[in-house]
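**Student:** Below are the structure tokens for one structure; questions will follow.
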Amino acid sequence: MRNWLFVSLLVLLIVGAMFYLTVAEEEKEPAYAGDNGKACKMCHKDQVAAWETWGMATAYDDLSDDAKKKTECIGCHVTGFGEDGEFIDAKKSANLLNVQCEACHGPAAAHLKNPMKEKPAAAAKDACANCHNEKYFGFKADEWKIEEALESIKHWKDD
């Protein structure tokens with residue numbers, strides 16, 4: 001009887017430890033891949049080449065030293081800011097500096113691991129308005145000609 005109790009507790013302990021490690025490992029895995037200029041370029045060479053010519057590719061560098069300390073500025077100049085703690089700071093999250101592919105298309109870590117099965121979100125016009133809005137640019141969302149803006153950064157083929 002005593003052996004049965006010992007074995008049962010041991011099995012319970014092992015199963016609990018496995019569950020804890022699995023859940024803890026899942027929580028640690030970042031949703032954002034970062035370094036999109038390198039990571040996305042493997043398959044999306046033309047799109048990344050277009051992005052590299054835009055101000056978004058150097059958005060963080062465009063901030064003054066004072067602005068780099070202000071969360072209200074950083075959020076529009078990095079990728080993944082405010083998203084479950086993805087962007088922490090320039091040192092700890094250097095791979096998320098600037099407005100990268102994932103800022104518009106969504107987190108892509110799963111896509112990079114399994115590109116045929118996992119797809120990042122489609123291009124989202126709403127992502128633009130998070131920063132390009134009245135608060136930061138002085139115009140209302142309905143005044144902004146988003147189609148013209150998107151045409152100026154076009155990096156996709158029309159169907």
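**Student:** When you scan region 100-110, do you find a residue that is over 28 Å from GLU151 (Cα atoms) and in contact (Cβ under 8 Å) with a residue 24 or more places away in the chain, even just one?
**Tutor:** Looking through region 100-110, at least one residue is over 28 Å from GLU151 (Cα atoms) and in contact (Cβ under 8 Å) with a residue 24 or more places away in the chain.
**Student:** Can you go through ALA129, ALA90, ALA109, ALA121 and tell me which one is modelled with pLDDT of 90 or more, farther than 16 Å from TRP51 by Cβ and out of contact with any strand residue (DSSP E or B) (no Cβ under 7 Å at 6 or more places or on another chain)?
**Tutor:** ALA109
**Student:** Residues that are farther than 20 Å from GLU52 by Cα and assigned to a loop (DSSP other than H, G, I, E, B): does region 96-106 have at least one?
**Tutor:** no
**Student:** Going through region 53-64 one residue at a time, which ones are surrounded by 11 or more Cβ atoms within 10 Å (Cβ to Cβ) and either in contact (Cβ under 8 Å) with a residue 40 or more places away in the chain or over 17 Å from the mean Cα position of the chain (by Cα) (or both)?
**Tutor:** TRP54, GLY55, MET56, ALA57, THR58, ALA59, ASP61, ASP62, LEU63, listed by residue number.
**Student:** Related question: Select from region 27-52 the residues that are part of a loop (DSSP other than H, G, I, E, B) and touching a His at 6+ places or on another chain (Cβ under 9 Å) and write down the one among them that is modelled with the highest pLDDT.
**Tutor:** Among those that are part of a loop (DSSP other than H, G, I, E, B) and touching a His at 6+ places or on another chain (Cβ under 9 Å), it is HIS44.
Rundown of residues vs (1) touching a helix residue (DSSP H, G or I) at 6+ places or on another chain (Cβ under 9 Å); (2) assigned to a loop (DSSP other than H, G, I, E, B); (3) surrounded by 12 or more Cβ atoms within 10 Å (Cβ to Cβ), yes/no style:
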position	(1), (2), (3)
LYS68	yes, no, yes
CYS76	yes, yes, yes
PHE81	yes, yes, yes
LYS92	no, yes, no
MET116	no, yes, no
PRO120	yes, yes, yes
ASP126	no, no, no
GLU148	no, no, no
LYS154	yes, yes, no
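Residues are listed down the side, and each one gets a yes or a no for (1) within 25 Å of ALA129 (Cβ to Cβ); (2) at pLDDT 90 or above:
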{"position": "GLU25", "(1), (2)": "no, no"}
{"position": "TRP54", "(1), (2)": "yes, yes"}
{"position": "GLU72", "(1), (2)": "yes, no"}
{"position": "HIS77", "(1), (2)": "yes, yes"}
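**Student:** For region 40-61, state whether one or more residues are closer than 17 Å to TRP156 by Cα, out of contact with any Pro (no Cβ under 8 Å at 6 or more places or on another chain) and basic (Lys, Arg).
**Tutor:** yes
**Student:** Would you check if there is a residue in region 132-145 being without any contact (Cβ under 8 Å) to a residue 60 or more places away in the chain, under 14 Å from the mean Cα position of the chain (by Cα) and either over 23 Å from LYS38 (Cβ atoms) or not in a loop (DSSP other than H, G, I, E, B) (or both)?
**Tutor:** The answer is no, given that none of the residues of region 132-145 is without any contact (Cβ under 8 Å) to a residue 60 or more places away in the chain, under 14 Å from the mean Cα position of the chain (by Cα) and either over 23 Å from LYS38 (Cβ atoms) or not in a loop (DSSP other than H, G, I, E, B) (or both).
The values are calculated or read from the model by the stated rules, or taken from the named source; none is laboratory data. These numbers come from a predicted model, not from an experiment. Every residue, glycine among them, receives a Cβ derived from its backbone with ideal geometry; neighbour counts consider all protein chains shown.
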